[in-house]
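Derivation of every value follows stated rules applied to the coordinates shown; laboratory data play no part. Quick caveat: nothing in here was measured; it's all calculated off a predicted structure. Ideal geometry is used to build each Cβ from the backbone, glycine not excepted, and the neighbour counts take in all protein chains shown.
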Amino acid sequence: MSTATKTSSYRLRMLTTTAMLGAMAGLLMLIEIPLGFIAPSFYKIDLSEVPVMIGTFAFGPIQGIVIELIKILVKLILKGTSTGFVGEIANFVIGVAMVVPAGIIYKRHKTKKHAVIGMAISTVAMAVVGVFLNAYVMIPMYAKFMPIEQIVEAGKAIIPWVKDTFTFCLFCVLPFNLIKGVIVSVIVAIIYKPLSRLIHKGL
């Protein structure tokens, strides 16, 4: 088999795997679990970043972004949007904030240690981005569907320290995303190596 043929075959298989991981992530996005002890029920955790992170580690951060986009498109096709695309935009941006730093670190140093370091940094990055994105973009957009005062009150009912939009994001959204990041990272750390062998064996 010529080099050109091998390259073409690799790209085809990579695109196929990317599409499969994106579709899987989109399906996982439909399974949402509220964490009512830390955030109002309209904030729900899903494990859709697991396939995205696996694809990011396997192919790099650019493919991770592509898988993240496919995930959102699959979710919209299957379920549509109940938030005027606000939730989907937030999920995409926060998802990218999580997988890209980990993907960049792992691409430079492909060791388990650096994968763990990358996911730890990514979890913090996602949580921080989530605070500012929600405070200054998403919650104001959500105000078209639910008054900001009602959102803040929902947070205050769970965490008494919530006083306004920013403290809502600090005490509800931040820990919510940290918990999500830790769960996703632990799952990926456990299953990536076996799946990586299958993915690259096919490639």
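Just to verify a result, which residue in region 87-102, among those that are among the hydrophobic types (A, V, I, L, M, F, W, C) and more than 17 Å from Pro61 (Cα to Cα), is surrounded by the fewest Cβ atoms within 10 Å (Cβ to Cβ)? Residue satisfying both the conditions and the ranking: Ile89. Is at least one residue of region 148-156 in a helix (DSSP H, G or I) and under 24 Å from Glu49 (Cα atoms)? So far as region 148-156 goes, no, none of its residues is in a helix (DSSP H, G or I) and under 24 Å from Glu49 (Cα atoms). Ser82 meets the conditions (1) in a helix (DSSP H, G or I); (2) without any contact (Cβ under 8 Å) to a residue 40 or more places away in the chain in every case but one. The failed one is (1). In this structure, Lys193 does not satisfy being assigned to a helix (DSSP H, G or I), touching a strand residue (DSSP E or B) at 6+ places or on another chain (Cβ under 6 Å) and of a type outside the set (Phe, Trp, Tyr). Does region 85-95 include one or more residues that are within 18 Å of Ile187 (Cα to Cα) and under 14 Å from the mean Cα position of the chain (by Cα)? Yes, region 85-95 contains a residue that is within 18 Å of Ile187 (Cα to Cα) and under 14 Å from the mean Cα position of the chain (by Cα).
For region 33-46, the criterion of being in contact (Cβ under 8 Å) with a residue 24 or more places away in the chain and part of a helix (DSSP H, G or I) is satisfied by no residue at all.
Looking only at region 158-173, residues that are without any contact (Cβ under 8 Å) to a residue 24 or more places away in the chain and among the aliphatic types (A, V, I, L, M) come to 1 in all.
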